[in-house]
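Participant: I'd like to ask you about the structure that follows.
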Amino acid sequence: MSEKETNRRDFIFLATGAVAAVGVASAAWPLIHQMNPDSTALALSTIEVDVSGIEVGQSITVKWRGKPVFIRRRTRDEIDLARNVSLNDLPDGLARNNNVINTAIASDQNRSIEGKEEWLVMLGVCTHLGCVPKGQSIGDSRGEYGGWYCPCHGSHYDTAGRIRKGPAPKNLDIPPAIFLNDSVIKIG
Amino acid sequence: MCKSINFSKIRQLSLSLLGVCILIASSSNFSFASGEDVSKVKEQDWTFSGVFGYYDRAELQRGFQVYKEVCSSCHSMKYVYYRNLSEPGGPGFSTDEAKAIAAEFSVTDGPDSNGDMFERNALPSDKFVSPFENNVIARMSNGGALPPDLSLIAKARSTERGFPMWIVDLFTGYQEQGVDYVYALLNGYEDMPSDFNLQDGMNYNKYYPGNQIAMYSPLSADIVEYADGTEATVENMSKDVSAFLMWTAEPKLEARKKMGFKVIIFLFILAGLLYLSKKKIWARLDH
Amino acid sequence: MSKLSTYQPKSSLSRWFDERLPLPRLMHDSVNAFPTPRNLNYWYTFGGVLTFCLITQIITGIVLAMHYTPNAELAFGSVEHIMRNVNYGWLIRYVHAVGASMFFLAVYVHIFRGLYYGSYKAPRELLWILGVVIYLLMTATAFMGYVLPWGQMSFWGATVITNLFSAIPIVGGTVTEWLWGGFAVDNSTLNRFFSLHYLLPFMIFGVVILHIWSLHVTGNNNPIGISVKDEHDTVPFSPYYTVKDGFALVCFLILFAWFIFYNPNILGHSDNYIEANPLSTPAHIVPEWYLLPFYAILRAIPSKIGGVLFMFAAIGILFLLPWLDTSKIRSATFRPLYKQFFWIFLANCLVLGYLGSQNPEGGYLIASRICTAYYFIHFLVVFPLLGIIETPKPLPESITKSVLEKIKTKKIDEKK
């Protein structure tokens, strides 16, 4: 077989193989992507919560992306308590707030909603192993720091939802949350 | 070898018997309405038919308006979500418009923290609200007849295409049998022949199997005022609402046909390459 | 006809593996080196196409099962959920639904290829029988699969066919209730059909392995039906037939893609887009097109038990085919009379299929009876008789000679 024929032969096989490989990959993608969240899940990836009925000192829990979100309208005392904490006393110094840059420090201002310091919106999922901390209902234990207490392994969170004592490594996560108007918070 | 049995005669006999069967089959005037005078449904022109089919956004929006203002008083649409109205490949409302449309309706939710069910405005993530809570109430409100859910109606109906059309349809991609039927039905409330025995509470329709349908003619001129100024004739409204119903039945039509084009072109290219490869390989023999 | 393996492990790792589990050796011997007759035409590519169809149905089926709910209240809605909400759900569903039709199209071509070229004759009787077993399993799988969307046709088709079991004398009613798990087709039936529909394809896969194994023991038949004499008659399966099968598969995929993307519902029935209603029967209950010939036979016989027996006999008789055909010649190429009857039989099957879609009354019923009669006459009378009385055409000496003869004739034609 001549040199030219060999080259042409190899090219055809190469081209066929390459095109076939593209075909297989294109066929595989839908089979993989179908396991990603479907449009009903994605539709609930943002929710709007009417908070107009929440009094000062009151908390509600809403479900967002399948998980509980704690929304609390804090009292003046709780805000002051959070602000008087030195940042050196915090096991986790980062704000863990999706609404600010990820290097922001865990000051109370970086934890509450900007311009509305009464309002705390956090994922009610303990950063240790995922239990739902107590503190939302009136009779609940609030731990030693007046915020939330996780009964599973004894993590204590303060009035800004920051970890103070116990095995949890991080402050409670804050999801994207903004006030659309005076009475509605959009989460997600 | 026995030549006494004349096989060519047997062959001819068998072939002609088969031919007779085929003739009987194709010429029989068989109608699904078992004998009644149901008119043949005509093919209409739709933007979504054919290899390059697409939905006309304005048409779907007008159709939605007809559904909302006329049909939704009796017919549910339980597989469609309000958010579908703003998703690609559909009527093309904006997300705010879809949200506003949803908010016009109220859904039961709950239980709340007191254990009570409560009413709230529908969200885009909710399904279309049904006019009746269940089928029993629906029947009671409609003289015992159940208005069918319309989400899939364009795929749940068909027309008798006859021979050889059903073979031709396989290769022309004709899939509008259902929507042509719906359009015909909405325009089929014509004058009844004088000798027709119409039962109480029923209406005469040229295209409905049996010619008697419980639904009265839902469309009349100007029953809807179109936002874009299109004249609200019965033909226009039935065209628009039929197109809308095609979309509710097949929301992924545009994506499907677009992908199909790319896939088939790709397969032709790959087939060509494989053919050349095959020829090259087989040429190694006997040269 | 087992030959010595030609596999040479190239690396020390492959040698280590080969000493413990000769799987790569098996793959090499079956797919790479397997000596295949050099004269196979494109009708012989459908085995490969069928393997692809089986794998496609299994993969799309498993994916659909991630989103489908096999409960009578929720099934129909879950299928709509797949069509509307799941990413590419509409695509995967349509591939699976159209895929079932394509699977049967391919299997019918494959079967008729076997009938034409005498691939069922000695020494391939068991190969043929395994094939009929696969076909039976496919029919059961398809029947149960069609019930799962829980549309009107799903429900009523299931009702009609499961009711047939009540025709069995004495135990019929009990057996039918056992099948249903109740007094009618209902949620219990749906749940167990889902379980079995998931199971059966893997049994098909197992029988396919046996089918291919059996084929490799005897070697392939070929269009002239002459056995392989020496290595000149064959070529290694790879790359000759892997690439040829690949080309045929892609052509098949073009037809497959046409239906998926441009007419996915035409092979189905519009009534199945209406949710199942046990209180309302559709005007015409019809199975999917690939089951229509059997439906015609079922309704052609006036008695219920008779219809059931004849319907199952129509497939059962295929098991006896290697012994019903008395001809010593395999391929219809050299059997001029048999060739004619082959085409008559094919036409008969097509007409039976059409008749299955029509109402069994008047001219249609008479035609169904004639065609059913011919179906059995073809196997029970024509096959045995032809072998005795037919004069075959002269056979070529070998595969190679016949291929060279063809090339010579082609060259002479080109010179002209």
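The values are calculated or read from the model by the stated rules, or taken from the named source; none is laboratory data. Predicted model, so just to flag it, every value in this text is computed and none were measured. Positions of Cβ are generated from backbone atoms using ideal geometry, with glycine treated the same way; all protein chains shown enter the neighbour counts. Just the protein is used for accessible areas: all its heavy atoms, side chains included, with ligands, DNA and RNA removed. Shrake-Rupley method; radii C 1.70, N 1.55, O 1.52, S 1.80 Å.
Participant: How would C:Phe312, B:Phe196 rank on accessible area, largest to smallest, probe 1.4 Å?
Facilitator: C:Phe312, B:Phe196
Participant: Okay, helix-only estimate at 222 nm for chain B: each DSSP H run of n ≥ 4 adds -39500 (n - 2.57), divide by all residues, round to 500 deg cm²/dmol; what do you get?
Facilitator: On the way: 9 runs with 117 residues, N = 287.
Theoretical 222 nm ellipticity from helices: -13000 deg cm²/dmol.
Participant: Pick out, in residue order, every one of the trypsin sites (Lys or Arg not before Pro) in the range B:231-287 that is DSSP loop and has at most 14 other C-beta atoms within 10 Å; say none if there are none.
Facilitator: Loop-located and lightly packed - B:Arg284.
Participant: Among the aspartates and glutamates, select those whose C-alpha is under 15 Å from the C-alpha of B:Lys206, and discard any that sit fewer than 8 residues away in the same chain.
Facilitator: B:Glu36, B:Asp37, B:Glu160, B:Asp180, B:Glu190, B:Asp191, B:Asp195
Participant: Could you pull the accessible area for B:Asp45 with a 1.4 Å probe, rounded to 10 Å²?
Facilitator: 130 Å²
Participant: Moving on to the next point. Within straight cross-link reach of B:Lys257, meaning Cα distance under 27 Å, which lysines are found once same-chain residues fewer than 8 apart are removed?
Facilitator: Within the straight-line cut-off, B:Lys257 pairs with B:Lys42, B:Lys78, B:Lys127, B:Lys155, B:Lys239.
Participant: Order of C:55-65, C:165-175 by packing, highest average Cβ count within 10 Å first?
Facilitator: With the highest mean Cβ count within 10 Å placed first, the list reads C:55-65, C:165-175.
Participant: Setting aside same-chain residues fewer than 8 positions from C:Lys339, which lysines have a Cα under 17 Å from its Cα?
Facilitator: Partners within reach: B:Lys9, C:Lys121, C:Lys328, C:Lys393.
Participant: In whole Hz and in residue order, list the ³J(HN,Hα) couplings for the range B:145-161 that follow from phi through the Karplus curve 6.51 cos²θ - 1.76 cosθ + 1.60, θ = phi - 60°; x for Gly and Pro.
Facilitator: Coupling constants for the range B:145-161: 8, 9, x, x, 4, 9, 3, 10, 4, 5, 9, 8, 10, 8, 10, 6, 8 Hz.
Participant: Which of the trypsin sites (Lys or Arg not before Pro) found in the range C:186-264 are loop residues per DSSP with 14 or fewer other Cβ atoms within 10 Å of their Cβ?
Facilitator: C:Lys229
Participant: Further, regarding this structure: Give the long-range amide H neighbours of A:Lys165: residues separated by 5 or more places, or on another chain, with amide H under 5 Å away, using H modelled in the peptide plane at 1.01 Å from N.
Facilitator: A:His156
Participant: Can you give the local net charge around B:Asp109? Use residues other than it whose beta-carbon is closer than 13 angstrom to its beta-carbon, Lys and Arg +1, Asp and Glu -1.
Facilitator: Net of charged neighbours comes to -2.
Participant: What range in chain C is the longest one free of GluC sites (Glu not before Pro) that are in a loop by DSSP and have at most 15 other Cβ atoms within 10 angstrom?
Facilitator: Maximal segment without exposed cleavage sites: C:74-360.
Participant: Averaged across the residues of C:86-97, what count of C-beta atoms belonging to other chains lies within 10 Å of each residue's C-beta?
Facilitator: 5
Participant: Mean residue ellipticity at 222 nm from the helices of chain A, using -39,500 (n - 2.57) per DSSP H segment of n ≥ 4 over the full residue count, to the nearest 500 deg cm²/dmol?
Facilitator: Computed mean residue ellipticity for chain A: -8000 deg cm²/dmol.
Participant: Could you please state, rounded to a whole Å, how far the C-alpha centre of the range B:101-127 is from the C-alpha centre of the range C:12-87?
Facilitator: Here the answer is 46 Å between Cα centres.
Participant: Tell me the relative contact order for chain C as a rounded percent, counting alpha carbon contacts under 8 Å between residues six or more apart. If you can, show how the numbers build up before the last one.
Facilitator: Details: 486 pairs, mean separation 93.6, N = 416.
Relative CO of chain C lands at 23 percent.
Participant: While we're here: For the range B:210-257, state which chymotrypsin sites (Phe, Trp or Tyr not before Pro) are in a DSSP loop and have at most 12 other beta carbons lying within 10 Å of their beta carbon.
Facilitator: Numbers: sites: B:Tyr216, B:Tyr226, B:Phe244, B:Trp247; in loops: B:Tyr216, B:Tyr226.
In loop regions of the range B:210-257 (DSSP not H, G, I, E or B), the sparsely surrounded chymotrypsin sites (Phe, Trp or Tyr not before Pro) are B:Tyr216.
Participant: What shape does the range B:131-208 have by the C-alpha gyration tensor, where a ≥ b ≥ c are the square roots of the eigenvalues, rounded means a/c under 1.5, and otherwise prolate means a/b greater than b/c and oblate the rest?
Facilitator: Working: a/c = 3.23, a/b = 1.41, b/c = 2.29.
Oblate is the answer for the range B:131-208, as a/c is 1.5 or above yet b/c matches or exceeds a/b.
Participant: Could you tally the net charge around A:Pro169, taking each other residue with its Cβ under 15 Å from the Cβ of A:Pro169, Lys/Arg +1 and Asp/Glu -1?
Facilitator: Here the count lands on +3.
Participant: Only Cα pairs under 8 Å and at least 6 apart count here; give the relative contact order of chain A as a rounded whole percent.
Facilitator: 21 percent
Participant: Which of rounded, prolate, oblate describes the range C:36-287, given a ≥ b ≥ c as roots of the alpha-carbon gyration tensor eigenvalues and a/c under 1.5 marking rounded, otherwise prolate only if a/b is larger than b/c?
Facilitator: It comes out prolate by the Cα gyration axes.
Participant: Which net charge results for the neighbourhood of C:Pro278, defined as the other residues with beta-carbon distances under 15 angstrom from its beta-carbon, given Lys and Arg at +1 and Asp and Glu at -1?
Facilitator: -4
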